[in-house]
Amino acid sequence: ENPAVFRYRQFAARPTRAMEFGSVAHRVNLGKGDEYEVLDFPNRTTNAYKAADKAAVEAGRVPILKKDFETVLAMAEVMRKDRTVAELMEGAQVEQSIFWKQGGIWRRAMLDLINEKGPVDYKTTTRLSDYALAKTIWSYRYDMQLAWYPAACAAVEHSLGRRTRPAI
């Protein structure tokens, strides 16, 4: 590791369990992302789990309970069977970063997928009711990300030589 990575890990707050779940889902469903470790425990309350969790984090892997990992695998199965998802993922480049300067300020965006139609952002949520989905969008500021992607795409349109637009 370089000193910057060491310093970041030394002082960075640990991601929430929801964020860790999302990281593993990205890795499994998109093929890129953080390494993970499946922990075979019934819950997170035992000392043995806590030790395994700590060891995984220290090794740079995202810990996930086996039951949660099974949910990720079920999500992957549904995605593989969905024609719309297959069309969005076909020929897409995964986890593409865009850096641009706007108004004298450097900006960046990490696109989960980008294909000939534009960027696609993969999100997870616990429920699909209107209220639960709205709460997830608000809590994780997905609306801000949605607003950010057109600016990122506009910044690279010239270099790509084509028009891009968000495909959510």
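The values are calculated or read from the model by the stated rules, or taken from the named source; none is laboratory data. The structure presented is a predicted model; accordingly, all values stated were derived computationally and were not measured. Glycine also receives a Cβ, built like all others from the backbone with ideal geometry; neighbour counts cover every protein chain displayed. Accessible surface is based on the protein model in full, side chains and every heavy atom, while ligands, DNA and RNA are left aside. Shrake-Rupley method; radii C 1.70, N 1.55, O 1.52, S 1.80 Å.
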Quiz prompt | Nearby lysines by direct alpha-carbon distance to K101 (threshold 23 angstrom, same-chain neighbours under 8 apart not counted) | solution = none
Quiz item: Under 17 Å Cα-Cα from K67, which lysines qualify once same-chain neighbours fewer than 8 residues away are excluded?
Solution: K50
Quiz prompt | About the Cα centre, charge dipole magnitude for the chain (Lys/Arg +1, Asp/Glu -1 at Cβ), debye | solution = 420 debye
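At a 1.4 Å probe, what is the % contribution of carbon and sulfur to the accessible area of segment 1-149? Walk me through the intermediate numbers first.
Working: 5720 of 10170 Å².
Solvent-exposed carbon and sulfur of segment 1-149 make up 56 percent of the total.
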Quiz item: D for segment 5-95, whole µm²/s, Stokes-Einstein with Kirkwood Rh over alpha-carbon pairs at 4 °C and 1.567 mPa s: what number?
Solution: 89 µm²/s
Practice problem: Work out the P(r) tail for the chain: percent of alpha carbon pairs separated by more than 27 Å, whole number. | Solution: 36 percent
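What are the GluC sites (Glu not before Pro) within segment 32-68 that DSSP puts in a loop, where the Cβ has at most 16 other Cβ atoms within 10 Å? Display every interim value, and only then the final one.
Numbers: sites: E35, E37, E58; in loops: E35.
Here the GluC sites (Glu not before Pro) that fit, given the DSSP loop and packing criteria, are E35.
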Quiz prompt | Selection from Y140, S129, P150 lying farthest towards where the dipole of segment 97-153 points positive, charges on Cβ | solution = Y140
Quiz item: Which of the lysines could a cross-linker span from K123 if the Cα-Cα distance has to be under 16 Å and same-chain partners fewer than 8 positions apart are dropped?
Solution: K32, K135
Practice problem: Please find the FRET efficiency linking A48 to Y122, where r is the Cβ-Cβ separation and R0 is fixed at 25 Å, and quote it to the nearest 0.05. | Solution: 0.15
Practice problem: Specify whether the C-alpha gyration tensor of segment 6-46 places it in the rounded, prolate or oblate class, a ≥ b ≥ c being the square roots of the eigenvalues: rounded for a/c under 1.5, otherwise prolate if a/b is larger than b/c and oblate if not. | Solution: oblate
